[in-house]
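Shown next, in structure tokens, is the structure this report addresses.
The values are calculated or read from the model by the stated rules, or taken from the named source; none is laboratory data. All values reported here derive from a predicted model rather than from experimental measurement. With ideal geometry, Cβ positions are generated from the backbone for all residues, glycine too; neighbour counts draw on all protein chains shown.
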Amino acid sequence: MQPLSVMDKGSTPVSGNKHDYMSQAPYFWYDSTKPNGLPYINRDGQRNPEITRITDHDNLAQLGNAVQALSLAWYLTRDSKYAEKAAGLLQHWFLDSATKMNPNLDYGQAIPGLNNGRGIGIIETIPLISIADAARLLEGSPAWPASKSQALQTWYAQYLHWMLTSKNGMDEHAATNNHGTWYLAQAVDIALFSGDTAKAHSLAEEGKAKIEHQIAADGKMSRELARTNALHYSTYNLRAFFILARLASHTGVDLWNYNSTQHAGIRTAFDWLVPYAVGSRKWEYQEISGYNKDDFYPLLLQAYGVYHAPAYLTSAKLIHPGRGNALTELPWGL
């Protein structure tokens, strides 16, 4: 694997600076009823293959997967080759002046003919969570000295400042669906990683309002159920809540057991979704792209550990009767 960079893309943002991350909205398409196809129109759940021409999104996802595997390999084996490879990838994306990404997402998920970027684009930096975990695992390796660790934390702190103060960041902060949940999960993680524990705590507390606004008394998440891939997005939002709850626990905030004024919480939403996700009950909403049960598998493993409920492990075995992906099972001690 060669080092990846925002400089790899063939396009340049309107800023004129290729160090700025950019991407195109995945569900917006050329409008054939217009002479120039602009502005693009929304087709929810239908991914436009045009988006792959701008490589930043895919490159960041690949980077996150690679450094996660490499850092775990280093942590478990202490073989320096894994740490050296991971460190090289991180240095190239975040630290080297010629190839680093600027700490902003001003130009994420642009819609041709409408805008050059939106707050919604911030969902594409979810890999920063696993990258922060990977960097922590690398600490103590000669390939990742304290100077590099501090430089990466500084980059993260700058990105968090952008998230909290920019228009795009504030728009996403206020989102009342999975985008708002993922925003908080990222923000809490970044605050913890960069050493701002007070900010991490205050952001984690906001998770209670997200639960209040998004999860109904019966566990349904109406904003996700309105999507054309409702089962996928319900799972996706729960994944964000699980990550947020895990991170919040490091700040002294218990979201795992928090219940709203409707007496509903993360577990309520999870229990409602389990039979649909494992296929024991027929899904009654839209799911135009087909559902991948593997998306739900790690949530069952984690819920088993958090709530000490053997039924969740039983449900997990309906998806993988034997064993699933080792990188999925390893963090939960299975």
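Numbers for the structure displayed
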read-out	value
Count of residues meeting criterion [within 22 Å of the chain's Cα centre (by Cα), among the aliphatic types (A, V, I, L, M) and not in a helix (DSSP H, G or I)] in region 112-126	1
Filter result for TYR27 (of a type in the set (Phe, Trp, Tyr), crowded, with 16+ Cβ neighbours inside 10 Å, more than 30 Å from GLU139 (Cβ to Cβ) and out of contact with any Gly (no Cβ under 6 Å at 6 or more places or on another chain))	yes
Per-region count, region 26-49, residues hydroxyl-bearing (Ser, Thr, Tyr) and within 14 Å of LEU114 (Cα to Cα)	3
Scope region 170-202; condition in contact with a Leu (Cβ under 8 Å, 6 or more places away or on another chain) and of a type in the set (Gly, Ala, Ser); matching residues	ALA185, ALA187, ALA191, SER194, ALA200
Cross-chain or 6+ apart pairs with Cβ under 6 Å, region 31-49 first and closer than 17 Å to GLY290 by Cβ, then not in a loop (DSSP other than H, G, I, E, B)	ARG43/TRP29; GLY45/ASN229
Test for ALA217: is it surrounded by 15 or more Cβ atoms within 10 Å (Cβ to Cβ) and in contact (Cβ under 8 Å) with a residue 24 or more places away in the chain	no
Hey, LYS85 outside any loop (DSSP other than H, G, I, E, B), more than 27 Å from TYR236 (Cα to Cα), among the charged types (D, E, K, R) and free of Cβ contacts under 8 Å to residues at least 12 places away in the same chain or not	no
Meets criteria (crowded, with 20+ Cβ neighbours inside 10 Å and in contact with a helix residue (DSSP H, G or I) (Cβ under 7 Å, 6 or more places away or on another chain)) for ALA135	yes
Filter result (among the hydrophobic types (A, V, I, L, M, F, W, C) and more than 12 Å from ASN65 (Cα to Cα)) within region 113-131	LEU114, ILE120, ILE122, ILE123
Residue match in region 138-150 (condition: buried (at least 21 other Cβ atoms within 10 Å of the Cβ), of a type outside the set (Phe, Trp, Tyr) and either out of contact with any helix residue (DSSP H, G or I) (no Cβ under 8 Å at 6 or more places or on another chain) or farther than 26 Å from ARG53 by Cβ (or both))	yes
Filtered residues of region 1-24 (kept if buried (at least 20 other Cβ atoms within 10 Å of the Cβ), of a type in the set (A, V, I, L, M) and in a loop (DSSP other than H, G, I, E, B))	LEU4
Pair list, Cβ under 8 Å, 6 or more apart: region 130-158 residue more than 25 Å from PRO331 (Cα to Cα), other residue basic (Lys, Arg)	TRP155/LYS100
Region 272-283 residues that are within 14 Å of TYR297 (Cα to Cα) and modelled with pLDDT of 95 or more, paired with ones that are of a type in the set (Lys, Arg) and surrounded by 13 or more Cβ atoms within 10 Å (Cβ to Cβ) (beta carbon under 8 Å, 6 or more apart)	ALA277/LYS293; VAL278/LYS293; GLY279/LYS293
Any hit, region 55-62, residues being part of a loop (DSSP other than H, G, I, E, B), in contact with a strand residue (DSSP E or B) (Cβ under 7 Å, 6 or more places away or on another chain) and either closer than 23 Å to ALA87 by Cβ or at pLDDT 95 or above (or both)	no
Helices (runs of 4 or more DSSP H) completely within region 145-259 that count 2 or more residues being more than 19 Å from the chain's Cα centre (by Cα) and either over 30 Å from ASP96 (Cα atoms) or of a type outside the set (D, E, K, R) (or both)	146-165, 197-205, 207-214, 222-225
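Per-residue answers, yes or no, for (1) among the aliphatic types (A, V, I, L, M); (2) exposed (fewer than 15 other Cβ atoms within 10 Å of the Cβ):
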| site | (1), (2) |
| --- | --- |
| TYR291 | no, no |
| LEU301 | yes, no |
| VAL306 | yes, no |
| TYR312 | no, no |
| SER315 | no, no |
| LEU327 | yes, yes |
| GLY333 | no, yes |
